[in-house]
């Protein structure tokens, strides 16, 4: 806003009010604790610790040296956000009251529900909390292992690095090279931008210089992502190279323009939020990236084409902007969904529970293979979401009909049928792939033609679905002590799925891209699962051939990222300890 200055947290400097101050009532801003202020989220100011700090076990510190104030326009925005939050809270309360697992449950029922839902696929943190790791005497306690917020900021790559020769005057030749790289190496996985329009946007920015608006922010983000990500077969930037890279300098310029993205709700702002998140994921800042994906998803909820998609199904209403809105909605949804699950964040207001209803249409001039990949991945997401919902429904029905301590185990027969059904659906999905994306099953080695980033992503998603439907069998054996022929059969398939994951992801272990952190976490999880089951007498004969060699390859990857990815030091210690046992 014109006439305002940036407010530095902890500073006593007060931003002057804008010329439009008379349009807004003066209001004193609430003083948040330092943690909530850093997260830029609302703080309820409870003492001695606010609710968020109490939940995560953080030290809650309030700066009482002076009240924080904002300009009147910001106060008006905050007030509107608070009113919206109150409405969402009221809706959540009503929904909770109608839930069969609301506060009317007895403590025993609640414990049973937790026991059953524990049989659903989970993240690396939860795996390392399995009792077997404590029983085996692993050196690291699970609570200290993997939180993405746990590492000191000094170990993370800096987001600002001045004096690298990149300022507001960007030369056209460099920008052209970065844009070419973006459309070859980034756009193919999320083809949501119109290439001709984007190239024109970057070209105009080079001629006129970057302005302080959302369009310039998007142009800079395209350049930053293009400068960061290399071809799949080429060496990627190392952690040591990041600080002095062109990509970080360009991203610093884009950061200065993110203010417009945070207060507006247009298509360009949603695109900026997505590609900010993509960049942050590529430098292994998942928590920051998740917030941007969530912000982009929230922006998409304001689009009429997303709120009422049926009314825009008519071809006459499908403008270029409507097509772009559908695409950005899908990309924000799937990016937020997969990162949230691994970070173990709550689903805010069920904003991203169900996938978008309609398949998006390709933007003008979109590469055919990239678009086929995008639709193929969306199809897999739909299969996965359907399986997840069906498994949750099975668990809930099991709790209602068999409320015993092993309620989650009574549906293993149904889960086996679900797994067979998913295999049939995935086989049908493979048969439907166009020739440019046709691939073999995961137990067949990838051909040279299949060894690229698009096959890498699709194979990884297939493996996750296999993990999803076999997870309850693994949980039943290792955490509930259940053993039977049916359990062993399911465990065998599950362990094979985790070996498949390590095989699939091995080709991209050292490739820096949007999914690097996710593949690092999931491969580490698979390695730890195989190590745990190898120490279980009932499962030793179920271990797939070649598993130990693949686990050692994952360990090498973990060591490679240990300075960059929070928690890898402890995870390496756990894996090394288990491999050293006789």
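Figures for the structure shown
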item: Test for residue 196: is it over 21 Å from residue 560 (Cα atoms), at pLDDT below 95 and either part of a helix (DSSP H, G or I) or in the same structural domain as residue 339 (by TED's automatic domain parsing) (or both); result: yes
item: Residue, modelled with the highest pLDDT, within segment 306-350, restricted to residues that are touching a helix residue (DSSP H, G or I) at 6+ places or on another chain (Cβ under 7 Å), over 19 Å from residue 273 (Cα atoms) and assigned to a helix (DSSP H, G or I); result: 342
item: Conditions (1) touching a helix residue (DSSP H, G or I) at 6+ places or on another chain (Cβ under 8 Å); (2) in contact (Cβ under 8 Å) with a residue 60 or more places away in the chain: number failed by residue 581; result: (1)
item: Residue selected from segment 529-540 under the condition part of a helix (DSSP H, G or I) and within 24 Å of residue 123 (Cβ to Cβ), by the criterion farthest from the chain's Cα centre (by Cα); result: 539
item: Test: residue in segment 541-564 that is in contact (Cβ under 8 Å) with a residue 60 or more places away in the chain, out of contact with any strand residue (DSSP E or B) (no Cβ under 8 Å at 6 or more places or on another chain) and in a helix (DSSP H, G or I); result: no
item: Search result, residues across segment 196-214 that are within 25 Å of the chain's Cα centre (by Cα) and surrounded by fewer than 18 Cβ atoms within 10 Å (Cβ to Cβ); result: none
item: Which listed residue, of 134, 160, 177, is touching a helix residue (DSSP H, G or I) at 6+ places or on another chain (Cβ under 9 Å), over 22 Å from residue 476 (Cα atoms) and either assigned to a helix (DSSP H, G or I) or at pLDDT 85 or above (or both); result: 177
item: From 252, 227, residue being in contact with a helix residue (DSSP H, G or I) (Cβ under 6 Å, 6 or more places away or on another chain) and crowded, with 17+ Cβ neighbours inside 10 Å; result: 227
item: Search result, residues across segment 565-581 that are assigned to a loop (DSSP other than H, G, I, E, B) and closer than 21 Å to residue 132 by Cα; result: 567, 581
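The values are calculated or read from the model by the stated rules, or taken from the named source; none is laboratory data. If you're wondering where the values come from, they're calculated on a predicted model, not measured in any experiment. Every residue, glycine as well, gets a Cβ built from its backbone with ideal geometry; the counts of neighbours run over all protein chains shown.
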